[in-house]
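K.L.:
Below is a structure I'd like to ask you about.
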Amino acid sequence: MNSEEFKSHGFAMDALTLDQFRVFVTIIDAGGFAAASRHLNRAQSAITYTIQKLEEQSRLTLFDRSAYRPLLTEAGKALLPRARRILEDVADWRHQAQGISMGLEAELILAVISYAPPALLSRVLRAFNATFPFVEIRILTDTFDAAAKALRDGVADLGLLAERQPEEFERRVCGRIDLVPVAAPTHPFGQMEGRLSAALLRDHTQLVISPAPHLDSGRDYGVLAVNRWRVNDLQTKYDLILAGVGWGSMPRSRVEKDLARGRLVELRPDSWEGADRIPSFPLVIAYRKEKALGPAGQWLVEQFIASQ
């Protein structure tokens, strides 16, 4: 039935009120018309009239009044969940509007480097969702440079970044990312025992995370091979390493299970850019110095710091 047919049949849905839905639900929850009148502190005749108007405007009988105690009709049973949802949505509206009027953000955009530990992000955001159910989160997962640029340009409100980002950000350490060089068992490195020389590492294709060309700063970290393949997301890098296409470093948190199951092999370079240890770096939660964070943003910063 289209809108014109609704009008021709005398439907008056525009006249429905929240009070009618509230009375309808209260009758069910309180256990009857008399109980609803006591609960709402209204005369029972007023409760009855409200339901009669709701039925009239809906062109439906919601209660079967043939028995001693009015019972829901099939139509009433079908529409009761809708009435509850309408009341819940209005309560949510009021709660969110009150929060926004007091400075609570409607949305937070979080730029995250792809190397960030998934467990940390999930743990903090699960608690955030319980604390701020009406604040939307948008997550931008990207390379080191691209994630920092999103924060610098004001696209993001917060950044879960590498510590080596510029001094222009306020930042607090909230964890550490340990990198591990890996290769598939089918890769030549996966079948070698002992340490790998720098010359050997240079001669085999290395898979490297790199942003899109227009965002690339030209800086490479932990790149040893002459032939380097660049990808802009961690999942593609992982898939190619797993397939034996090349070798590369991965966050240990992402490949622990693969190493334990033998799906990947941990490599042992003689040195890494002159150092004895594989690169590792602090993870920071960062925001722009000139931008004041609202209550939800401040809460996120504190929780990331507390979770390290």
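K.L.:
Just one of Glu88, Glu55 is surrounded by 12 or more Cβ atoms within 10 Å (Cβ to Cβ) and part of a helix (DSSP H, G or I); which is it?
P.N.:
None of the others qualify; the one that does is Glu55.
K.L.:
Confirm whether Arg172 is at pLDDT below 80, open to solvent by 60 Å² or more (accessible area, probe 1.4 Å) and either among the hydroxyl-bearing types (Ser, Thr, Tyr) or closer than 27 Å to Ala119 by Cβ (or both).
P.N.:
No, not satisfied.
K.L.:
I would also like to ask the following. For Pro185, are the conditions met, namely being modelled with pLDDT of 90 or more, open to solvent by 20 Å² or more (accessible area, probe 1.4 Å) and under 24 Å from Leu259 (Cα atoms)?
P.N.:
Criteria met by Pro185.
K.L.:
Does Arg254 count as at pLDDT 85 or above and assigned to a loop (DSSP other than H, G, I, E, B)?
P.N.:
Considered against the rule, which asks whether it is at pLDDT 85 or above and assigned to a loop (DSSP other than H, G, I, E, B), Arg254 comes out as no.
K.L.:
Which pairs have Cβ atoms under 7 Å, sit 6 or more apart or on different chains, and link a residue in region 133-158 that is closer than 26 Å to Lys237 by Cα to one that is in a strand (DSSP E or B) and of a type in the set (D, E, K, R)?
P.N.:
Arg138/Glu107; Ala150/Asp142; Leu151/Arg288
K.L.:
Right, Leu264: over 22 Å from the mean Cα position of the chain (by Cα), aliphatic (A, V, I, L, M) and at pLDDT 90 or above or not?
P.N.:
Spelling it out, Leu264 is indeed over 22 Å from the mean Cα position of the chain (by Cα), aliphatic (A, V, I, L, M) and at pLDDT 90 or above.
K.L.:
Could you please find all residues in region 211-251 being crowded, with 18+ Cβ neighbours inside 10 Å, assigned to a loop (DSSP other than H, G, I, E, B) and modelled with pLDDT of 90 or more?
P.N.:
Answer for region 211-251, where residues must be crowded, with 18+ Cβ neighbours inside 10 Å, assigned to a loop (DSSP other than H, G, I, E, B) and modelled with pLDDT of 90 or more: just Gly246.
K.L.:
If I go through region 128-140 residue by residue, how many of them are under 11 Å from the mean Cα position of the chain (by Cα) and surrounded by fewer than 18 Cβ atoms within 10 Å (Cβ to Cβ)?
P.N.:
So the answer is 6.
The values are calculated or read from the model by the stated rules, or taken from the named source; none is laboratory data. Keep in mind the model is a prediction, meaning the values are calculated, not measured. Here Cβ is always computed from backbone atoms with ideal geometry, including for glycine, and neighbour counts include all displayed protein chains. These accessible areas exclude ligands, DNA and RNA; they are computed on the full protein's heavy atoms, side chains included. Shrake-Rupley method; radii C 1.70, N 1.55, O 1.52, S 1.80 Å.
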